[in-house]
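*Asks:* Here it is, the structure in full.
The values are calculated or read from the model by the stated rules, or taken from the named source; none is laboratory data. Please read these numbers as outputs of a predicted model, since none were measured by experiment. All Cβ positions, even for glycine, are placed from backbone atoms using ideal geometry, and neighbour counts span all protein chains on display. Please note that ligands, DNA and RNA were not included when accessible areas were found on the heavy atoms of the full protein model with its side chains. Shrake-Rupley method; radii C 1.70, N 1.55, O 1.52, S 1.80 Å.
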Amino acid sequence: MHPCGYDRIQPNSNVPMSVPIAPPEPSPPGVMHSRHGHEVWPPMGTSSPCRFIAQGSSGAATGLGPRAVSVRPPRKRPRLARWNAAPYLPRRSLEAMATGQGASPRYGDEGTADVILMLRPLQGPPLPPLLLHSQALRRSEFFEARLSERWSVMSQGQPLEITLDKCVNPSTYVRCLQLLYVPNRIKHTAFDDVQDALGILEVAAELLFHDCVGACMRYLEAVPWTVENETAIRECVASLHLQSSPDLAARLCAPEGAMRKPVDVMKDVLGELLALVTNGAPSKARDITERVLLANVHPSASSAFGGVNELALLKEFQGNLGQLKSQLRKFANFFSWNAHQVTLACSALRWLIDELFSLQIADMSIKIFSEEQELAQLMVSRVYQNPFTETLFQILVRMLQALHKGEVIAPRSVRLALISTWLPIIAKLGNDHNDNFGRTYEIRRNVELSFGAVVETLPMLDQEAVFKIWVGACLKCRKAWPDLSDAFDAWCSKLRAAQRESDLELGTAPLISEVCSS
């Protein structure tokens, strides 16, 4: 037995004879054959483990010789063929899908055509007749009805003639007719772009080719749009009175079924953006939020989105005021308070005020701030260490300047409440040596001018109430700030003039001494 599992006996003749052999056994390491390009192991001249039997001998091993038994090398086992996958076939074009490759019937097969279709455009001569097949045309409900009416004519073997008049774009009709020959589901490769799909959608809707209508909507829902594309899709779906697919309707934000209104969606999104900004988000979030706020008040946008801006900003404004008051209560009562939250709230309030004024919707914020009696009282507690002083100063200056310049038209009650609430607070903060409040002369002067200008917009009786607060809160202090003496002098002059006019009406001339004493 050869170590490779084969045993061949060769008699004196050169014709090898095979004998029954046992099942092959594994070869020991290193055993190779001399044929087929392999080496012999063990080498020639050494003892071999192979056994040789000569015909007619006593069975002893005689070695290799001209009349001795030789071992036939085994045949080379064939290698297993590698698995070769089928070659990749690219997507077939529209013409390839329509003209066959196994499909029956085939578009353009004139030998089996049984329908002659004439396309007459709105302008110009009619196109050459199209030879089509009723089997493919029946996928369209329009052609199904036309064919069923004239089935008796077709049964006689005569081709049926159908004419389509007023074809806006005959080439689009031809492409839609080719899609009737696509046996399976129409793929997205049948459309070039959004405009091409819209053109085919109009023809498919006219021919009641529902498979093509669905394929157009699937394609339109999945591809990117420009602003012009979205407008064209809306107009096309509305003009054709089509029921959009759920995915296309959701992308168009059509208010159908249980879908939310676009205004409600914008309200939630804007609320989340404002929450990010007021909680210290990076500048990128602030830039995006500002762009959204400006886009909502663009002339092309609905007026409802302007209301969304105001509601979202005022809600965030009130929320930050509430958070600030909560921390100031702890601060006033010597409890532990979060300085980081106070800093964030102050920064958020300044940004919100700027956005409200830039969008010209700051009327309600001034009203809210004029009614903050609790915040005003918290401001004068532990005045030397109050972290909100600088922010309060900036907010008041911005509001007073807006009222002074006419940027905001606030009612009389709001103007009076704003001054009556915050004038004594400003006086206490400015006269108690607070270095963080009104550091420069220019800033202090702006506060005085703004207060005086707003006071002069009030009636005489309201001004009297304001000047009483000013006399009691400011003039008793050494700094006497803010200085409203100019507005006070103007008010006194108006009182004198009013009294003079009253005396002239009564016909009693006042004495010179009375005028001088006044």
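*Asks:* Check segment 93-106 and report whether any residue there is at pLDDT 80 or above, surrounded by 14 or more Cβ atoms within 10 Å (Cβ to Cβ) and part of a loop (DSSP other than H, G, I, E, B).
*Replies:* Restricting attention to segment 93-106, the residues satisfying the condition of being at pLDDT 80 or above are 106.
Subsequent filtering for residues that are surrounded by 14 or more Cβ atoms within 10 Å (Cβ to Cβ) retains 106.
Those left that are additionally part of a loop (DSSP other than H, G, I, E, B): 106.
Yes, there is a match, as at least one residue in segment 93-106 is at pLDDT 80 or above, surrounded by 14 or more Cβ atoms within 10 Å (Cβ to Cβ) and part of a loop (DSSP other than H, G, I, E, B).
*Asks:* Which of the residues belonging to segment 332-358 are more than 21 Å from L293 (Cα to Cα) and open to solvent by 70 Å² or more (accessible area, probe 1.4 Å)?
*Replies:* Across segment 332-358, the qualifying residues are N333, F334, F335, S336, W337, H340, T343.
*Asks:* Mind counting the residues in segment 218-231 that are of a type outside the set (S, T, N, Q), open to solvent by 10 Å² or more (accessible area, probe 1.4 Å) and part of a helix (DSSP H, G or I)?
*Replies:* Total satisfying the criteria: 7.
*Asks:* Give, as residue ranges, the helices (runs of 4 or more DSSP H) completely inside segment 401-507 that count at least 2 residues that are closer than 24 Å to K367 by Cα, in contact (Cβ under 8 Å) with a residue 40 or more places away in the chain and open to solvent by 40 Å² or more (accessible area, probe 1.4 Å). Spell out the reasoning first.
*Replies:* Values: elements: 412-431, 441-456, 460-473, 485-506.
Hits in segment 401-507: 412-431, 441-456, 460-473.
*Asks:* Does I361 count as at pLDDT 90 or above, of a type outside the set (D, E, K, R) and buried (at least 16 other Cβ atoms within 10 Å of the Cβ)?
*Replies:* yes
*Asks:* Among the candidates L378, L416, single out the residue that is farther than 14 Å from L321 by Cα and more than 39 Å from the chain's Cα centre (by Cα).
*Replies:* Result: L416 is the single residue among L378, L416 that is farther than 14 Å from L321 by Cα and more than 39 Å from the chain's Cα centre (by Cα).
*Asks:* Moving on to the next point. Just a yes or no: is a residue in segment 243-251 among the aliphatic types (A, V, I, L, M), open to solvent by less than 30 Å² (accessible area, probe 1.4 Å) and modelled with pLDDT under 90?
*Replies:* Checking segment 243-251: at least one residue is among the aliphatic types (A, V, I, L, M), open to solvent by less than 30 Å² (accessible area, probe 1.4 Å) and modelled with pLDDT under 90.
*Asks:* Separate question: Within segment 118-132, restricting attention to residues that are in contact (Cβ under 8 Å) with a residue 12 or more places away in the chain and out of contact with any Pro (no Cβ under 7 Å at 6 or more places or on another chain), which residue is least open to solvent (accessible area, probe 1.4 Å)?
*Replies:* Taking the candidates together, the pick is L132.
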